[in-house]
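Below: the structure, in structure tokens.
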Amino acid sequence: MRDIDAETRLITLLGFPLGHSLSPLIHNTALSEQEINAVYLCMPVAGHQFEPAVRGLAAAGFMGSNVTIPHKERAYELVDVLSDQARAVGAVNTIVCQCEKGSPPPSLYGDNTDIQGFLDPLKPYSSRLRDAEMTILGSGGAARAVCYALLSQYTPSSLTLIARTPSKAEALARDMATFDDRGALRITTFRESGRHVRRCSLLVNTTPVGMHPGTDQTPWPTAEDFSSGQIVYDLIYNPRKTRLLIEAERRGATGIGGMEMLIGQAAASYVQWTSRTMPADAVRRALDAHSGS
Ligand code: NAP
């Protein structure tokens, strides 16, 4: 990391609790590689302190911030300007302090880079995905970004939300209705959705089932439902290969893990703070070294 001096700028991650976030490693590797005089810090900020913390970003001259659980919806309400993506999903994960030197308080621009981060690893498969049948396991915060991304990018012929709590999936489907020109959205439960999983071209896991330390678990235990020609995308990045991915790949499906989404959303935030393209290879090397350590 570069030396910190009087010119060093700050970027932060606001959330609570923050646990072992990989974002500082990703962004500090990139900043250091490109000799940008800035550092990325984690700031655990509990609920009632979030608004003053966000106001403080602008006042204290931060370049910007990432926002994570549980503040993404509140950040949506607090910023001055929203990107189309943030407005569509009702959540902000990236704040950019737009400052003109010497001008009064900068404005706060809010974006949601989870959408681009999610879509980036699917680019090589775009032709297979247009108008295809798709399923999403789970209907929480990440499912919202995934649902919008798939509807707006691929106009699927069907997009089935497989949910433990159907009322949450119904609320998500209502919010996404304006992006669902074809009437593709359907809601079902885990018990009733075998045929959707067998038929779909893309299955996305947005539940935390299979995440460390519960790595022996899978959100879809019927591995025989997977086949070649399918893409199975697990948003979990710890472990990099979840049981879901291992079993799907064994059956011939293409597996995509959550690490590429994590890198993709970070890259989409980084370019907005620094006007530079994130050096993804250096970041991957740092993440590999970290996971091997
Ligand atoms: P969230 O808002 O809490 O949503 C989790 C969803 O999973 C909910 O719909 C929940 O159902 C469902 N769920 C939880 N446990 C379940 C179980 N045992 N069986 C069936 N469904 C279950 O969480 P989130 O923010 O969306 O994050 C979800 C996952 O995505 C996490 O693993 C997170 O690390 C990952 N993620 C990765 C990235 C990345 O960059 N790779 C980005 C964002 C999120 P209920 O509604 O019934 O509670």
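Quick notes
- Scanning the stretch 202-219 for residues that are surrounded by 17 or more Cβ atoms within 10 Å (Cβ to Cβ) and on the phi < 0 side of the Ramachandran plot gives L202, L203, V204, N205, T206, T207, V209, M211, T218, P219.
- Screening the stretch 139-161 for residues that are more than 14 Å from the chain's Cα centre (by Cα) and among the hydrophobic types (A, V, I, L, M, F, W, C) and picking the one that is surrounded by the fewest Cβ atoms within 10 Å (Cβ to Cβ) gives L151.
- Residues in the stretch 220-243 that are buried (at least 20 other Cβ atoms within 10 Å of the Cβ) and farther than 22 Å from I115 by Cα: W220, D225, F226, R243.
- Residue in the stretch 267-282 that is closer than 28 Å to Q217 by Cβ, of a type in the set (A, V, I, L, M, F, W, C) and within 16 Å of the ligand (Cβ to nearest atom) present: no
- Of the helices (runs of 4 or more DSSP H) that lie entirely inside the stretch 153-254, those containing 1 or more residues that are near the ligand (Cβ under 10 Å from one of its atoms) and among the hydrophobic types (A, V, I, L, M, F, W, C) span 166-176.
- Residue list for the stretch 1-45, filter: surrounded by fewer than 20 Cβ atoms within 10 Å (Cβ to Cβ) and of a type in the set (S, T, N, Q): T8, S21, N28, S32, Q34, N37
- Close Cβ contacts (under 9 Å, 6 or more residues apart or on different chains) running from residues in the stretch 154-183 that are in contact (Cβ under 8 Å) with a residue 60 or more places away in the chain to residues that are outside any loop (DSSP other than H, G, I, E, B) and among the aliphatic types (A, V, I, L, M) comprise D175/A88; D175/V89; F179/A88; F179/L151.
- Close pairs from the stretch 222-244: first more than 15 Å from T135 (Cα to Cα), partner assigned to a strand (DSSP E or B) and within 16 Å of the ligand (Cβ to nearest atom), Cβ under 8 Å, at least 6 apart: I236/N205; K241/G255; T242/N205; T242/D234
None of the figures in this text is laboratory data; all of them are computed from the coordinates on show. None of the values given here were measured: they were computed from a predicted structure. Backbone-built Cβ (ideal geometry, glycine too); neighbour counts: all protein chains shown.
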